[in-house]
Ligand code: HDE
């Protein structure tokens, strides 16, 4: 690889080009390049005889197949990824010397993998869970990985507890149930007996844990990191990704149904958006606290169960990431990508957050078993776009062919190269934090307030969001069999909010808890999704339409498209539909292949059909969408299905269809209509 590689001119995509292979129009060969003349019959002694050992083609094909699986990730196994680029708006030079953040307009190739945490690689995607949001920036100074989640805090404060948390969360070992769900005894037993989890559990029970789309969720670095500028001055920093489309969620009943109707809902949404040119965009933000202000807050900046309220420490927007290309091969790229919070560049450093410190060990260790050895950095998706040189050699799957006899340092034979770089030459130097202390196994008292921010989160929620949290606790604890665990959890959450705990206790038949809540009255409006950006762009509309539809509907459908929404037609069968005036439209779905849960809104057009099964299916769609607080629109014959709900919020009915599209789109913009 050329030493003079310029990252901006030779993007990661171009680097990957040399590894991409298009097998179309080629002759079939073995892995040794030998052309194969027959691929359907193994070599036999006689047409009805035994297969011969000599059949190298059969042996190679079968051996490769037998070894096609690698261990799935212990957590975040179910994921989906895309390529893109990050562009700087504002130079971060005063705070960090990281080269990729210096120049407004500078672009860096990125690869982002989104994931659920608990489920296996084939599990459903709309389960209640945190989502991983891991970004690899291929910078000219090496790869920088921001390995975050869509929730800004974590369950535990010390990495040594991570195996316990994950064992409790994963399916129970004696019967391997439930899949991709926290609604079971061991998870809640862990929560009640590890009360540092209170804040994150509030988030996990909120709408944040059932995002509408990867394109509509925030990302957070969670830990406090350090920015260090070229004068050596440091700031504490927290990272945020803010989705340009706003932060939006499903409702629980809908999320559960989607798990069956389309277990691939989130990856399909991301894949299709990129294929359609609706590139997902996220702004990168940073919260900065100077070293001098480390102790000025009512939380410890090193505690990963605490967030920095945006109203106290504003989020400075730094740039924008655009995801603009799907992967060519999910295994080679999405499955083999190896993220690591320890992949940093000069100007980005760690803090003593004990959760972060432990992660710095875990991520390389896990790749060794998952990707089969120490050369995983040579896989195309993991290679930096800048050159790399050191004295590491050999190991499974080595691809680089290092020249010469020297693989040690210091040496004289190669003039003591490769040689360390000074700071001025771009060598990474660790921030020289002064440390004093005894070697102890304990936790700072400043980490011991587990409830204040959990209460702040509750205080910040709108009425519907609070209702959803109560519903989520009642669902999850309702699935817990152990009465003592149920009681311990409601007793625990009385420390967060008495009304929350009492309502849940009643729902699950537990005793009313007696503990008093934390008394915190503070709230942070930025935490409520009610205050997020709302827009109609890319929202999916299910259009229920039948034979003999009114021609005006075709005009409306075009207006809806022009407003940035995505109407898709649903009918009782596939094939061309002919409108009353002869207009032809072709539905993409039938009532069997689609479902209201897969759309953001329903537009009922109807047709001339008198078929009662059409009426039944249409009414079912509309009623279900209504129960999920979605926008419903009806014109022409479609109005017959909305008679009993036509005066409800978010239901737009126009017999004449004048102005319908703009009213309907405005209603969709609201996302959901809670006041029904
Ligand atoms: Fe991870 N985590 N984690 N994690 N994590 C992994 O690494 C771990 C934590 C996160 O799309 C594993 O390659 C420990 C917090 C994401 O490939 C493993 C601790 C946050 C992904 C691991 C944590 C994360 C992982 C499993 C506690 C949010 C998926 C496979 C100290 C800031 C990355 C792998 C991808 C994956 C360990 C806690 C985010 C085992 C020990 C906090 C997004 O190394």
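So for region 469-486 (the condition being outside the structural domain of residue 250 (by TED's automatic domain parsing), out of contact with any helix residue (DSSP H, G or I) (no Cβ under 7 Å at 6 or more places or on another chain) and not in a helix (DSSP H, G or I)), does at least one residue qualify?
yes
So residue 27 fits all but one of (1) in contact with a strand residue (DSSP E or B) (Cβ under 6 Å, 6 or more places away or on another chain); (2) within 16 Å of the ligand (Cβ to nearest atom); what number is the exception?
The number of the failed condition is (2).
Considering only region 368-380, how many residues are away from the ligand (no atom under 12 Å from the Cβ) and farther than 27 Å from residue 425 by Cβ?
Qualifying residue count, region 368-380: 4.
Can we say residue 90 is farther than 30 Å from residue 167 by Cα and without any contact (Cβ under 8 Å) to a residue 40 or more places away in the chain?
Taking the combined requirement at face value, the residue does not satisfy it.
For region 165-193, give me each residue that is farther than 26 Å from residue 238 by Cα and assigned to a helix (DSSP H, G or I).
Hits for region 165-193 are 167, 168, 169, 185, 186, 187, 188, 189, 190, 192.
Residue-wise test of (1) buried (at least 22 other Cβ atoms within 10 Å of the Cβ); (2) in the same structural domain as residue 347 (by TED's automatic domain parsing); (3) in contact with a helix residue (DSSP H, G or I) (Cβ under 6 Å, 6 or more places away or on another chain).
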residue	(1), (2), (3)
223	yes, yes, yes
231	no, yes, no
234	no, yes, yes
257	no, yes, yes
297	no, yes, no
309	no, yes, no
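Let's see how each residue does on (1) more than 16 Å from the ligand (Cβ to nearest atom); (2) on the phi < 0 side of the Ramachandran plot; (3) not assigned by TED's automatic domain parsing to the domain that holds residue 35:
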{"site": "54", "(1), (2), (3)": "yes, yes, no"}
{"site": "93", "(1), (2), (3)": "yes, yes, yes"}
{"site": "102", "(1), (2), (3)": "yes, yes, yes"}
{"site": "107", "(1), (2), (3)": "yes, yes, yes"}
{"site": "138", "(1), (2), (3)": "no, yes, yes"}
{"site": "145", "(1), (2), (3)": "no, yes, yes"}
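What single numbered condition from (1) surrounded by 14 or more Cβ atoms within 10 Å (Cβ to Cβ); (2) more than 30 Å from residue 107 (Cα to Cα) fails to hold for residue 83?
Answer for residue 83: the failing condition is (2).
For region 337-367, which residues satisfy the criterion of being assigned to a loop (DSSP other than H, G, I, E, B), near the ligand (Cβ under 8 Å from one of its atoms) and either closer than 12 Å to residue 225 by Cα or without any contact (Cβ under 8 Å) to a residue 60 or more places away in the chain (or both)?
Those that are assigned to a loop (DSSP other than H, G, I, E, B), near the ligand (Cβ under 8 Å from one of its atoms) and either closer than 12 Å to residue 225 by Cα or without any contact (Cβ under 8 Å) to a residue 60 or more places away in the chain (or both): 338, 341.
Scanning for something within 16 Å of the ligand (Cβ to nearest atom) and on the phi < 0 side of the Ramachandran plot, does region 308-322 turn up at least one residue?
yes
Here is a yes/no grid of residues against (1) under 30 Å from residue 495 (Cα atoms); (2) surrounded by fewer than 24 Cβ atoms within 10 Å (Cβ to Cβ); (3) touching a strand residue (DSSP E or B) at 6+ places or on another chain (Cβ under 6 Å); (4) touching a residue at least 40 places away in the same chain (Cβ under 8 Å):
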| residue | (1), (2), (3), (4) |
| --- | --- |
| 120 | no, yes, no, yes |
| 132 | yes, yes, yes, yes |
| 155 | yes, no, no, yes |
| 172 | yes, yes, no, no |
| 176 | no, yes, no, no |
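In region 634-669, what residues are touching a strand residue (DSSP E or B) at 6+ places or on another chain (Cβ under 7 Å), touching a residue at least 60 places away in the same chain (Cβ under 8 Å) and closer than 28 Å to residue 463 by Cα?
664, 667, 668
Take the residues of region 134-153 that are over 18 Å from the mean Cα position of the chain (by Cα) and not in a strand (DSSP E or B): which is surrounded by the fewest Cβ atoms within 10 Å (Cβ to Cβ)?
This residue is 140.
When you go through 322, 305, 334 one by one, which is the residue that is under 16 Å from the mean Cα position of the chain (by Cα) and under 25 Å from residue 360 (Cβ atoms)?
Step by step, each of 322, 305, 334 is checked, and only 334 is under 16 Å from the mean Cα position of the chain (by Cα) and under 25 Å from residue 360 (Cβ atoms).
Considering each residue of region 109-126, count those that are more than 14 Å from the ligand (Cβ to nearest atom) and more than 12 Å from the chain's Cα centre (by Cα), and give that number.
Here the count works out to 4.
Can you name every residue in region 492-510 that is surrounded by 13 or more Cβ atoms within 10 Å (Cβ to Cβ) and either part of a loop (DSSP other than H, G, I, E, B) or touching a residue at least 40 places away in the same chain (Cβ under 8 Å) (or both)?
492, 493, 494, 495, 496, 497, 500, 510
From the residues in region 67-79 that are in contact (Cβ under 8 Å) with a residue 60 or more places away in the chain and in contact with a strand residue (DSSP E or B) (Cβ under 6 Å, 6 or more places away or on another chain), which one is farthest from the ligand (Cβ to nearest atom)?
Residue satisfying both the conditions and the ranking: 78.
Taking residue 617, is it assigned by TED's automatic domain parsing to the domain that holds residue 544, closer than 24 Å to residue 254 by Cα and touching a helix residue (DSSP H, G or I) at 6+ places or on another chain (Cβ under 8 Å)?
no
What is the number of the single condition among (1) touching a residue at least 40 places away in the same chain (Cβ under 8 Å); (2) within 13 Å of the ligand (Cβ to nearest atom) that residue 201 does not meet?
(2)
Can you pull out the residues in region 196-217 that are part of a helix (DSSP H, G or I), in contact with a helix residue (DSSP H, G or I) (Cβ under 7 Å, 6 or more places away or on another chain) and over 14 Å from residue 476 (Cβ atoms)?
Answer for region 196-217, where residues must be part of a helix (DSSP H, G or I), in contact with a helix residue (DSSP H, G or I) (Cβ under 7 Å, 6 or more places away or on another chain) and over 14 Å from residue 476 (Cβ atoms): 198, 199, 207, 214, 215.
Yes/no matrix, rows are residues, columns are (1) in the same structural domain as residue 337 (by TED's automatic domain parsing); (2) closer than 20 Å to residue 138 by Cα; (3) assigned to a loop (DSSP other than H, G, I, E, B); (4) touching a helix residue (DSSP H, G or I) at 6+ places or on another chain (Cβ under 8 Å):
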| site | (1), (2), (3), (4) |
| --- | --- |
| 15 | no, yes, no, no |
| 26 | no, no, yes, no |
| 42 | no, no, yes, yes |
| 48 | no, no, yes, no |
| 62 | no, no, no, no |
| 74 | no, no, yes, yes |
| 85 | yes, yes, no, no |
| 96 | yes, yes, yes, no |
| 112 | yes, yes, no, no |
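So which residues in region 614-636 are part of a helix (DSSP H, G or I) and crowded, with 22+ Cβ neighbours inside 10 Å, if there are any at all?
618, 621, 622, 625, 636
Out of region 367-392, which residues are surrounded by 16 or more Cβ atoms within 10 Å (Cβ to Cβ), closer than 23 Å to residue 405 by Cα and touching a strand residue (DSSP E or B) at 6+ places or on another chain (Cβ under 9 Å)?
377
The values are calculated or read from the model by the stated rules, or taken from the named source; none is laboratory data. Quick caveat, the model's predicted, so the values are computed rather than measured. Using ideal geometry, Cβ is built from the backbone for each residue, glycine included, and neighbour counts are taken over all protein chains shown.
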